[in-house]
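J.: Before I ask anything, here is the structure I am working with.
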Amino acid sequence: MNETIKTQLNHRTIRAFEEKPLTKEEVDLLVEVAQRTASSMYLQAYSIISVTDPELKKELAAVSGQPYVATSGHLFVFVVDQHRNTEIAKALGQEVGVQGSADRFVSGLTDAVIAAQNVVVAAESLGMGTVYLGSFFNDTAKIVELLNLPKYTYPAIGLAVGWASARATIKTTPSKRSDSYGKWLP
């Protein structure tokens, strides 16, 4: 078994971080990993926002109800972004008819989440801890406001990354699972 798979099998969600920011080089590397993620039609219909302002991190932590949002080493927000491609199409004089469509939204959402997962794998391979922040959905309108997101964007998922200040335990995996017909598999 290779080291990447070992890291993935030892995944733990970290909710207690050292108050130590990631270096510029560490952030740049994680963003580069995200940028190399496969995307639907190579549109890369997502953007990544790095939140470094401590006050903004506190406001986002308040929305999420999770204090570790404010104390993580780095906070990323992966955003479905049809705005950028709309502006590119306009600048090139092309028709802008599909922006805001359900198909494009789902493609952007999928791209954003896959990119976030690649950042998780990369961060954990470097010994960092991570936690997804679905709690941003507690009030997406407030997240949109705080991040000043333009039309045709949507916050897909937040991701706190940093150096763990406490070791989390691995959750046990159920020994049985069911297939789509409800039969239990070994």
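J.: Which loop GluC sites (Glu not before Pro) in the stretch 68-124, with loop taken from DSSP, have no more than 11 other Cβ atoms within 10 angstrom of their Cβ?
T.: Of the GluC sites (Glu not before Pro), the ones in loops of the stretch 68-124 whose Cβ has at most 11 other Cβ atoms within 10 Å are Glu95.
J.: For Gln94 and Asn10, calculate 0.36 nm times their separation in residues minus their Cα-Cα distance, and state this gained length in nm to one decimal.
T.: Details: separation 84, 0.36 × 84 = 30.24 nm, distance 4.74 nm.
Answer, rounded to one decimal: 25.5 nm.
J.: To two decimal places, what compactness ratio does the stretch 92-155 give when its Cα radius of gyration is scaled by 2.2 N^0.38 Å? Working shown, then result.
T.: Working: Rg = 15.1 Å, N = 64, 2.2 N^0.38 = 10.7 Å.
Normalised Rg, Cα atoms only: 1.41.
J.: Only Cα pairs under 8 Å and at least 6 apart count here; give the relative contact order of the chain as a rounded whole percent.
T.: Numbers: 297 pairs, mean separation 61.7, N = 186.
Relative contact order for the chain comes out at 33 percent.
J.: Report ³J(HN,Hα) in whole Hz for each residue of the stretch 53-70, in order, from the Karplus equation J = 6.51 cos²θ - 1.76 cosθ + 1.60 where θ = phi - 60°; Gly and Pro get x.
T.: The phi angles translate into 5, x, 5, 5, 4, 5, 5, 5, 5, 5, 5, 6, x, 10, x, 5, 4, 7 Hz.
J.: I've got another one for you. How big is the equivalent ellipsoid of the stretch 25-116 along its three axes, where each semi-axis is √(5λ) from the Cα gyration tensor, reported in whole Å from largest to smallest? Don't jump to the answer; show the numbers that get you there.
T.: Values: eigenvalues 157, 46, 31 Å².
Taking √(5λ) for each eigenvalue gives 28, 15, 12 Å, largest first.
J.: Might you report the magnitude of the Cβ-based charge dipole of the stretch 1-115 about its Cα centre, with Lys and Arg at +1 and Asp and Glu at -1, to the nearest 20 debye?
T.: On the way: 11 positive and 15 negative charges, 53 e Å.
Once rounded to the nearest 20, the dipole reads 260 debye.
J.: With every protein chain present, what is the per residue accessible area of the stretch 54-120 (1.4 Å probe, Å²)?
T.: 46 Å²
J.: I'd like the orientation of helix 102-125 relative to the chain: the angle between its Cα long axis and the longest Cα principal axis, in ° from 0 to 90, rounded to 10.
T.: 40 degrees
J.: Okay, next question. Among the aspartates and glutamates, which have Cα under 18 Å from the Cα of Lys57 when same-chain residues fewer than 8 positions away are ignored?
T.: Excluding near neighbours in sequence, the set is Glu18, Glu19, Asp139, Glu145.
J.: In whole Hz, with x marking every Gly and Pro, tabulate ³J(HN,Hα) for the stretch 128-141 from phi via Karplus 6.51 cos²θ - 1.76 cosθ + 1.60, θ = phi - 60°.
T.: 7, x, 9, 8, 6, 10, x, 5, 5, 6, 4, 7, 5, 4
J.: Give me the mean projected area, in nm² to one decimal, of the convex hull enclosing the Cα positions of the chain. Please list the in-between numbers first.
T.: Details: hull surface 53.4 nm².
Orientation-averaged projected area of the Cα hull: 13.4 nm².
J.: Considering only protein heavy atoms and a probe of 1.4 Å, how much of the accessible area of the chain is carbon and sulfur, as a whole percent? It would help to have the intermediate numbers written out before the result.
T.: Values: 5930 of 10870 Å².
Its accessible area is 55 percent carbon and sulfur atoms.
J.: Can you pull the accessible area of Val69 for me, 1.4 Å probe, Å² to the nearest 10?
T.: Approximately 0 Å² for this residue.
J.: Where does the chain land at 222 nm, in deg cm²/dmol rounded to the nearest 500, when only DSSP H runs of n ≥ 4 count, each adding -39500 (n - 2.57), divided by all residues?
T.: Result for the chain, helices only: -12000 deg cm²/dmol.
J.: Sticking with this one: Can you give the Rg to Rh ratio of the stretch 1-57, both from alpha-carbon atoms, with Rh computed by the Kirkwood formula?
T.: Computed over Cα atoms, the ratio is 1.03.
The values are calculated or read from the model by the stated rules, or taken from the named source; none is laboratory data. What you are looking at is a predicted structure, and each value in this text was computed from that prediction instead of being measured. Cβ coordinates were reconstructed from backbone atoms using ideal geometry, including for glycine residues, and neighbour counts include every protein chain displayed. These accessible areas exclude ligands, DNA and RNA; they are computed on the full protein's heavy atoms, side chains included. Shrake-Rupley method; radii C 1.70, N 1.55, O 1.52, S 1.80 Å.
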